[in-house]
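Undergrad: Take a look at the following structure, please.
The values are calculated or read from the model by the stated rules, or taken from the named source; none is laboratory data. None of these values were measured; they are calculated from a predicted model. Positions of Cβ are generated from backbone atoms using ideal geometry, with glycine treated the same way; all protein chains shown enter the neighbour counts. Side chains included, ligands, DNA and RNA excluded: accessible areas come from the protein's heavy atoms. Shrake-Rupley method; radii C 1.70, N 1.55, O 1.52, S 1.80 Å.
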Amino acid sequence: MCGIIGYVGYRRASPVLLDGLRRLEYRGYDSAGLAVLEDQDLTLYRRVGRVAELAGAVPEKQEGHVGVGHTRWATHGGVTKENAHPHLDGTGRIAVVHNGIIENASELRGRLERDGVVFHSETDTEVLPHLIRAFYKGDPVAAVRQALLRVNGTYGIAVVFVDHPDMIVAARNGSPMVIGLGDDETLIASDTQALVRYTRRVIYLGDGEIARIDADGVQTVLLSGASTAKEVEQIDHEWGVSEKGDFDHFMQKEIHEQPESIRRCTRGRVVLEQGNAKLGGLDLSPRDLLGISAVEMLACGTSYHAALVGCMAVERLARVPAVAHIASEYRHRNPLLQRDAIFFAVSQSGETADTLGAVREVQLKGGEVLGIVNVVGSSIARACGRGTYVHSGPELAVASTKAFTSQVTALLTFSLLLARTRQISRNVGKDMAEDLLGVPEMVSRYLANQGPIVEAAHAIKDARYALFMGRGFSWPVAMEGALKLKEVAYVPCEAYPAGEMKHGPIAMLEQDTPVVVVMPNDHVREKTLSNVQEVKARGARVIMIHSEGDTEAAEQSDLSIAVPRVHDLISPLVTVIPLQLLAYHVGVLRGCDIDKPRNLAKSVTVE
Ligand code: M6R
């Protein structure tokens with residue numbers, strides 16, 4: 001969950017490292033640090049708090065041209081300066097930054113302490129510099145390799161040595177590391193966002209690989225010592241540097257980017273004339289598609305909500321049984337796999353440890369998993385080997401918004417593809433394709449006329465509790481709305497299928513409790529409307545997301561927010577937008593740190 005950056009080249013390292021850390025800060029933001037090699041020495045700066053605190057501590061005159069930096073999301077050990085990375089060996093001549101968890105850290109620590117090593121932090125990471133020192137005989141790559149052969153767990157690391165002032169050694173096992181190749185400079189980072197300002201030519205380090213990086217490039221070896229050949233890849237335009245521009249927060253910007261990100265997701269994939277879809281990355285022939293007996297999806301958080309929508313669409317449109325699993329639970333129940341089922345791993349970051357674990361469990365049991373992933377070259381994309389990128393571009397706010405709508409779009413596109421091999425005609429397919437291609441316009445229309453969102457935010461901002469409800473496709477949307485509100489505004493709330501509310505949560509309602517109802521014009525609208533009457537009768541204040549022109553819905557609400565009228569299957573793509581905005585505005589009114597909510601990090605690489 002932490003961010004790592006390393007630089008070796010002709011520029012002064014510290015401004016590059018600080019810029020990289022600012023761009024990686026969404027990965028973890030409780031403390032930050034950097035180490036720079038200069039004049040046969042290693043200078044260390046570490047601060048609790050944001051990268052801005054660290055920047056204030058690094059002198060302008062810092063001249064070194066090689067260094068590593070880190071932004072932390074604490075796992076082992078509290079948020080203190082001593083626990084912030086980089087960590088040093090006993091001589092202060094080797095510095096390590098690490099993302100991941102060393103599972104046998106306490107055993108290694110015990111052994112090192114018995115050999116007289118003194119530890120200065122509570123972290124699992126600190127065993128690494130001491131272990132590397134123990135194996136160091138003048139060859140830095142060999143020392144790192146020997147140390148890592150003793151380590152169990154996940155890591156992305158970058159190491160600098162005072163004795164080798166022109167290079168960095170990096171390694172990866174389960175935590176992302178990407179190397180950026182510039183002209184007379186090379187960077188290493190846990191995320192391409194930190195590199196794209198300098199270069200778009202990258203190499204993705206694989207699990208079990210170690211890289212020796214200098215200003216001229218990189219050489220890689222496996223933990224076994226065998227050298228590896230790496231492919232240089234080009235980062236797409238959509239992954240360029242992301243700035244806030246005229247927006248106050250990345251979350252707000254990313255909400256407003258959705259017309260474009262949804263359009264990118266369907267471009268070249270939804271084929272109107274044939275009433276069909278093309279998803280080349282899945283590499284599934286019509287015969288393969290016809291052979292699918294069931295669809296199962298693995299995901300966490302917002303991606304799980306997208307998967308729930310996807311499953312409903314697969315069942316409705318293609319009439320193939322579909323089920324979404326919470327990835328963190330899936331593999332611990334020793335799951336049974338159906339023959340000829342196809343699995344999708346749905347993930348924005350492509351690094352979520354729980355989802356990756358579930359992918360590995362399915363693969364171990366002989367199942368086929370395809371990725372529905374945003375981040376190109378990420379661990380889940382690589383573990384799946386095949387799949388489809390959702391093309392949201394960088395999503396930097398911790399609260400996911402545009403990735404959700406892109407995931408839903410990709411899954412609806414798959415549903416269309418699957419349905420055309422079975423039970424829907426070209427004409428029905430054409431209608432669906434037309435509806436999907438029309439979504440960006442619908443979302444733009446809503447964003448241009450958002451309704452009383454700010455008033456609704458005022459109605460929620462001081463609430464002790466809020467309830468979200470919806471039926472059918474709107475139930476996962478309600479869940480997503482409640483998750484957003486918790487994440488960015490810390491308002492206690494929950495989401496229920498509207499019909500289930502009377503089986504318990506209705507007891508929570510008091511006079512003026514805000515109840516957010518998602519009720520587009522679909523086949524369950526009438527039933528939801530009855531549930532609205534029930535909550536109103538208990539004094540609740542109803543904030544209703546409904547289809548344009550639904551005057552009855554508007555009359556039954558205290559605050560009515562109309563969205564464009566679309567086909568039910570597509571409704572989550574428009575009904576979720578006001579819920580994202582609502583969470584955003586409540587967070588702003590409550591003075592929350594919108595893009596970096598407390599306790600969270602963007603990619604959750606621990607189980
Ligand atoms: O990167 P992933 O999509 O795999 O992440 C899964 C969840 O951690 C993520 O959706 C999380 O719930 C978000 N912060 C939601 O806004």
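Undergrad: Within region 228-275, how many residues are surrounded by 21 or more Cβ atoms within 10 Å (Cβ to Cβ) and small (Gly, Ala, Ser)?
TA: 2
Undergrad: Which residues, counting only those in region 573-607, are outside any loop (DSSP other than H, G, I, E, B) and within 11 Å of the ligand (Cβ to nearest atom)?
TA: Answer for region 573-607, where residues must be outside any loop (DSSP other than H, G, I, E, B) and within 11 Å of the ligand (Cβ to nearest atom): 580, 583.
Undergrad: Between a residue in region 107-121 that is within 16 Å of residue 151 (Cα to Cα) and any residue that is surrounded by 12 or more Cβ atoms within 10 Å (Cβ to Cβ), which pairs come within a Cβ distance under 6 Å, given they are 6 or more apart or on different chains?
TA: 108/127; 109/127; 112/130
Undergrad: Checking residue 296 against (1) open to solvent by less than 20 Å² (accessible area, probe 1.4 Å); (2) under 30 Å from residue 199 (Cβ atoms); (3) of a type in the set (Asp, Glu), which single condition isn't satisfied?
TA: The one condition residue 296 does not meet is (2).
Undergrad: Also, I was wondering about something else. Residue 141 passes all but one of (1) out of contact with any Lys or Arg (no Cβ under 7 Å at 6 or more places or on another chain); (2) hydrophobic (A, V, I, L, M, F, W, C); (3) at pLDDT 95 or above; (4) not in a strand (DSSP E or B); which number fails?
TA: Residue 141 satisfies every listed condition except (1).
Undergrad: Pick out the one residue from 6, 28 that is in contact (Cβ under 8 Å) with a residue 60 or more places away in the chain, open to solvent by less than 10 Å² (accessible area, probe 1.4 Å) and touching a helix residue (DSSP H, G or I) at 6+ places or on another chain (Cβ under 9 Å).
TA: 6 is the lone residue from the list that is in contact (Cβ under 8 Å) with a residue 60 or more places away in the chain, open to solvent by less than 10 Å² (accessible area, probe 1.4 Å) and touching a helix residue (DSSP H, G or I) at 6+ places or on another chain (Cβ under 9 Å).
Undergrad: If you don't mind, another one. Hey, does region 240-262 have a residue that's farther than 23 Å from residue 570 by Cα, polar (S, T, N, Q) and away from the ligand (no atom under 15 Å from the Cβ)?
TA: yes
Undergrad: So, one more: Pairs please, first residue from region 487-508 and more than 15 Å from the ligand (Cβ to nearest atom), second anywhere and of a type in the set (Lys, Arg) and open to solvent by 70 Å² or more (accessible area, probe 1.4 Å), Cβ atoms under 7 Å, 6+ apart in sequence or on different chains.
TA: 492/464; 499/527; 506/538
Undergrad: For residue 512, indicate whether it is charged (D, E, K, R), within 17 Å of residue 565 (Cα to Cα) and assigned to a loop (DSSP other than H, G, I, E, B).
TA: Answer is no for this residue.
Undergrad: Which number in (1) surrounded by fewer than 20 Cβ atoms within 10 Å (Cβ to Cβ); (2) more than 11 Å from the ligand (Cβ to nearest atom) marks the one condition that residue 394 misses?
TA: Of (1) surrounded by fewer than 20 Cβ atoms within 10 Å (Cβ to Cβ); (2) more than 11 Å from the ligand (Cβ to nearest atom), only one is false for residue 394: (1).
Undergrad: What is the one condition in (1) more than 15 Å from the ligand (Cβ to nearest atom); (2) closer than 22 Å to residue 346 by Cα that residue 275 does not satisfy?
TA: With (1) more than 15 Å from the ligand (Cβ to nearest atom); (2) closer than 22 Å to residue 346 by Cα applied to residue 275, the lone miss is (2).
Undergrad: Can you pull out every residue in region 179-197 that is on the phi < 0 side of the Ramachandran plot and modelled with pLDDT of 95 or more?
TA: 179, 180, 181, 182, 183, 185, 186, 187, 188, 189
Undergrad: Quick one: which residue in 343, 414 is within 16 Å of the ligand (Cβ to nearest atom), more than 12 Å from the chain's Cα centre (by Cα) and more than 30 Å from residue 21 (Cα to Cα)?
TA: Only one candidate qualifies: 343.
Undergrad: Please give the number of the condition residue 421 fails out of (1) of a type in the set (Ser, Thr, Tyr); (2) in contact with a Leu (Cβ under 8 Å, 6 or more places away or on another chain); (3) within 11 Å of the ligand (Cβ to nearest atom).
TA: Here residue 421 clears every test but (3).
Undergrad: Tell me the residue from 400, 444, 379 that is open to solvent by 10 Å² or more (accessible area, probe 1.4 Å) and within 16 Å of the ligand (Cβ to nearest atom), please.
TA: 400
Undergrad: Only one of (1) within 16 Å of the ligand (Cβ to nearest atom); (2) more than 16 Å from residue 573 (Cα to Cα) is not met by residue 551, so which one is it?
TA: The failed condition is (1).
Undergrad: Test residue 175 against the criterion of being under 20 Å from the mean Cα position of the chain (by Cα) and closer than 30 Å to residue 132 by Cα, and give yes or no.
TA: Considered against the rule, which asks whether it is under 20 Å from the mean Cα position of the chain (by Cα) and closer than 30 Å to residue 132 by Cα, residue 175 comes out as yes.
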